[in-house]
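**Q** Please read through the structure below; I'll follow up with questions.
The values are calculated or read from the model by the stated rules, or taken from the named source; none is laboratory data. This one's a predicted model, so the numbers in the text were calculated from it and none came from an experiment. With ideal geometry, Cβ positions are generated from the backbone for all residues, glycine too; neighbour counts draw on all protein chains shown. Note: areas computed on protein heavy atoms with side chains; ligands, DNA, RNA excluded. Shrake-Rupley method; radii C 1.70, N 1.55, O 1.52, S 1.80 Å.
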Amino acid sequence: MKLPTNFYKPLAIGAPAPFRELPVALERMIHFFPGHNEKVRAKVGEMIPQADVILGNLEDAIPADAKEAARRGFIETAKAHDFGQTGLWTRINPLNSPWMLDDITEIVAAVGNKVDVIMLPKVEGAWDIHYLDQLLAQLEARHSIQKPLLIHAILETAQGVKNVEEIASASPRMHGMSLGPADLAASRRMKTTRVGGGHPGYGVLEDPRADGGKRAYAQQDLWHYTFAKMVDACVSNDIRPFYGPFGDIQDSEACEQQFRNAFLMGCVGAWSLHPGQIAIAKKVFSPDPAEVLFAKKILAAMPDGTGVAMIDGKMQDDATWKQAKVMVDLAKKVAARDPDFAKAYEL
Ligand code: GLV
Ligand code: MG
């Protein structure tokens with residue numbers, strides 16, 4: 001076992017020291033673009049002010065014969081723009097693929113000082129993070145990278161879910177995790193053909209009724225267990241949990257519901273696969289103004305965070321003060337980026 005005193009030491013001579021705390025960032029949505037698609041790439045400039053994070057996708061959904069073009073396209077896009085406060089991420093190919101090594105070596109060499117986070121798909125255990133951690137440190141040293149590149153794991157295999165706690169604590173380079181419902185469904189051998197969301201067949205049926213009438217049926221959340229496990233693993237290690245993709249682009253109502261479940265369970269953001277999903281994520285992952293105003297009342301009523309207070313007939317104590325603090329801290333981050341929310345939150 002590695003000594004705790006070595007945890008924060010750079011893994012290569014000349015690599016930057018790992019962060020002790022994650023940089024503050026608003027990451028309500030991670031907006032994906034395919035690096036090989038010229039038409040979409042041409043719109044990245046317009047998307048930068050709209051999205052909190054822009055991600056160049058090199059993995060699934062990029063055809064095998066376009067992998068190199070996607071990598072080149074990502075590098076050109078990274079060079080071409082100033083991203084300001086918008087995060088710049090890439091999703092590389094998995095460790096066992098023929099493309100991963102070139103993805104990482106070429107990207108760090110060309111734009112390692114612009115990229116914030118490397119998203120690593122199909123992470124199975126801490127060993128995957130350790131490999132990328134060491135490789136990144138070597139490349140950072142070679143290319144004089146100034147700040148450490150962070151790793152974001154996709155939780156999308158049964159093995160990964162089993163090892164989620166070890167993955168979350170594998171390295172100070174860990175930024176967070178996204179639940180990948182499409183690959184996870186395949187890995188678990190779930191009998192679905194969707195990218196996220198519910199399923200009409202997964203639900204609870206009311207007991208037979210005395211009058212023989214139609215029994216009520218309610219769909220249940222297929223992802224609840226995984227969310228809970230991922231959120232606890234992430235938050236207990238001070239890293240960030242996210243929901244991944246919602247594939248039914250037309251069904252914005254169901255997308256909003258899936259995002260909201262994630263938000264309420266503790267996730268900080270979700271992926272957007274289409275510009276329309278940016279607005280949905282912005283709405284869901286920015287706290288509700290009414291809740292923020294109520295949270296501000298709690299903080300004002302208990303300035304040192306202890307004791308008990310009644311507000312609008314509801315009991316408040318140290319625990320609700322802490323919930324209110326989470327809400328107001330997030331509202332401040334949103335307000336700093338978005339003047340309309342600043343007004344609504346009265347901040
Ligand atoms: C995302 O990569 C997923 O598999 O859902
Ligand atoms: Mg996947």
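**Q** If you take the beta carbon distance between Asp340 and Lys43 as r and set R0 to 30 Å, what does 1/(1 + (r/R0)^6) give as a FRET efficiency, to the nearest 0.05?
**A** 0.85
**Q** Write down the accessible area per residue of segment 291-345 in Å², having rolled a 1.4 Å probe over the full set of protein chains.
**A** 59
**Q** Provide Val308, Val292 ordered by accessible surface of protein heavy atoms (probe 1.4 Å), highest first.
**A** Ranked list, largest accessible area first: Val308, Val292.
**Q** Grab the other residues whose beta carbon is less than 11 angstrom from that of Ile129, score K and R as +1, D and E as -1, and report the net.
**A** Summing Lys and Arg as +1 and Asp and Glu as -1 gives -3.
**Q** Please report the carbon-and-sulfur percent of the accessible area for the chain; probe 1.4 Å, protein heavy atoms only, DNA, RNA and ligands left out.
**A** 55
**Q** Hey, which aspartates and glutamates would be in cross-link range of Lys67, C-alpha to C-alpha under 12 Å, not counting anything within fewer than 8 residues on its own chain?
**A** Of all the aspartates and glutamates, those that pass the test against Lys67 - Cα under 12 Å, at least 8 places apart if same chain - are Glu59, Asp102, Asp103.
**Q** If you roll a 1.4 Å probe over the heavy atoms of the protein chains, what accessible area per residue do you get for segment 165-274, in Å²?
**A** Accessible area per residue, segment 165-274: 52 Å².
**Q** Would you calculate the separation in nanometres between label points at Glu253 and Ala80, each defined as 7 Å from the Cα along the Cα-to-beta-carbon direction?
**A** Calculated label separation equals 3.8 nm.
**Q** I would also like to ask the following. Dipole magnitude of the chain about its Cα centre, charges +1 at Lys/Arg Cβ and -1 at Asp/Glu Cβ only, in debye to the nearest 20?
**A** 180
**Q** Right, something else. Work out how much length Asp304 to Glu206 would gain on full extension: take 0.36 nm times their residue separation and subtract the Cα-Cα distance, in nm to one decimal.
**A** 30.6 nm
**Q** Taking K and R as +1 and D and E as -1, what net charge do the other residues with C-beta under 10 Å from the C-beta of Glu206 add up to?
**A** Once positives and negatives cancel, what remains is +2.
**Q** Right, next: How compact is segment 1-52 by the rule of thumb for globular proteins, expressed as Cα Rg over 2.2 N^0.38 Å?
**A** The value comes to 1.83.
**Q** What do you get when you divide the Cα radius of gyration of the chain by 2.2 N^0.38 Å, with N the number of residues?
**A** 1.06
**Q** Separate question: Holding the Cα-Cα limit at 19 Å, pick out from Lys282/Lys322; Lys229/Lys333; Lys79/Lys147 the pairs that are longer than that.
**A** The pairs that break the limit, which is 19 Å between Cα atoms, are Lys282/Lys322; Lys229/Lys333.
**Q** Between segment 233-302 and segment 23-65, what is the separation of their alpha carbon centroids in Å?
**A** 19
**Q** Right, next: Give me the aspartates and glutamates in straight-line cross-link reach of Lys297: C-alpha distance below 17 Å, same-chain residues under 8 apart excluded.
**A** Within reach: Asp288, Asp312, Asp317, Asp318, Asp329, Glu346.
**Q** With Cβ to Cβ distances under 13 Å as the rule, what net charge do the other residues near Pro181 carry (K, R +1; D, E -1)?
**A** After counting each charged neighbour, the total is -3.
**Q** Can I ask one more? Computed on alpha carbon atoms, what radius of gyration and Dmax characterise segment 1-137, expressed in Å?
**A** Considering segment 1-137 through its Cα atoms, Rg and Dmax are 15.5, 50 Å.
**Q** Shifting gears a bit: Multiplying the sequence separation of Lys325 and Glu106 by 0.36 nm and subtracting their Cα-Cα distance, what value in nm do you get?
**A** Here the segment from Lys325 to Glu106 would lengthen by 74.6 nm.
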